[in-house]
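The values are calculated or read from the model by the stated rules, or taken from the named source; none is laboratory data. Every value quoted in this text rests on a predicted model; they were computed, and no experiment measured them. All Cβ positions, glycine included, derive from the backbone under ideal geometry; neighbour counts span all protein chains shown.
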């Protein structure tokens, strides 16, 4: 029984960090997915790689790890450009949708050392949360752009709170804010793209713990606490 459990855990981990099979897509779709994957990876690496970072609140990350926990990284979807680069190569598992867009997103984040749990708040979300619970119990950190995948912008959803309850690991709110940036006004989240060589602030807030026996009232209170924490960080 233990051997079967271990094999299942390894299979889940392998799936999260490995490119998905694209055979169900047409050749044009496969080409588009691969092209978008490489384009986003290259643009993020070049622009975010030139940023000059200032970090505040690093002691919160240290406190989590020194206590034997792993963080559930949480920020707004509009900051995905910089945050993807800053937290690269930490095997953080994030949720990606079961869709055409989700395929190329999964691929370029995997190139940065992330894992992809398939599902979203609109497609397969319950299954993805279960997969993230399993991966966190195996030692992989979790990550959420907590107002994604489609908004409302800067309104916290419940996913990270539920994951914290199930795993016992804390939510770590953070913000990644470039001083000079382009804003994609037509996107629902108004995605922020850093200008080359701009200074940027990476600010980390105090961790939020969710009790294993939290009822609906406590869960809502923790979500509101997360909302206030992210709002406070972004006022910087």
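Brief remarks follow.
- If you check 160, 156 for being surrounded by 22 or more Cβ atoms within 10 Å (Cβ to Cβ), assigned to a loop (DSSP other than H, G, I, E, B) and within 15 Å of the chain's Cα centre (by Cα), only one passes: 156.
- Where a residue in segment 205-225 is farther than 17 Å from residue 64 by Cβ and its partner, wherever it lies, is at pLDDT 95 or above and outside any loop (DSSP other than H, G, I, E, B), with Cβ under 6 Å and at least six apart: 214/165; 219/161; 223/161
- Contacts under 6 angstrom Cβ, first residue in segment 48-66 being touching a residue at least 40 places away in the same chain (Cβ under 8 Å), partner part of a helix (DSSP H, G or I) and surrounded by 14 or more Cβ atoms within 10 Å (Cβ to Cβ), 6 or more apart: 48/82; 48/85
A quick yes/no check of all residues on (1) part of a helix (DSSP H, G or I); (2) surrounded by 22 or more Cβ atoms within 10 Å (Cβ to Cβ); (3) at pLDDT 90 or above:
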residue: 101; (1), (2), (3): yes, no, no
residue: 110; (1), (2), (3): yes, no, yes
residue: 113; (1), (2), (3): no, no, yes
residue: 116; (1), (2), (3): no, yes, yes
residue: 126; (1), (2), (3): yes, no, no
residue: 132; (1), (2), (3): yes, yes, yes
residue: 135; (1), (2), (3): yes, yes, yes
residue: 140; (1), (2), (3): no, yes, yes
residue: 144; (1), (2), (3): no, yes, yes
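- Of the numbered criteria (1) under 30 Å from residue 166 (Cα atoms); (2) more than 19 Å from the chain's Cα centre (by Cα); (3) assigned to a helix (DSSP H, G or I), the one residue 60 fails is (2).
- For the criterion of being crowded, with 24+ Cβ neighbours inside 10 Å and modelled with pLDDT of 95 or more, residue 76 passes.
- For segment 71-94, filtered to residues that are out of contact with any strand residue (DSSP E or B) (no Cβ under 8 Å at 6 or more places or on another chain) and in a loop (DSSP other than H, G, I, E, B), the residue that is farthest from residue 108 (Cα to Cα) is 90.
- Against the list (1) surrounded by 15 or more Cβ atoms within 10 Å (Cβ to Cβ); (2) in a loop (DSSP other than H, G, I, E, B); (3) modelled with pLDDT of 95 or more, the condition residue 188 fails is (3).
- Number of the condition not met by residue 106 [criteria: (1) farther than 28 Å from residue 196 by Cβ; (2) buried (at least 21 other Cβ atoms within 10 Å of the Cβ); (3) at pLDDT below 95]: (1)
- Residue 96 falls short on exactly one of the conditions (1) at pLDDT 85 or above; (2) in contact with a helix residue (DSSP H, G or I) (Cβ under 9 Å, 6 or more places away or on another chain); (3) buried (at least 21 other Cβ atoms within 10 Å of the Cβ), and that condition is (1).
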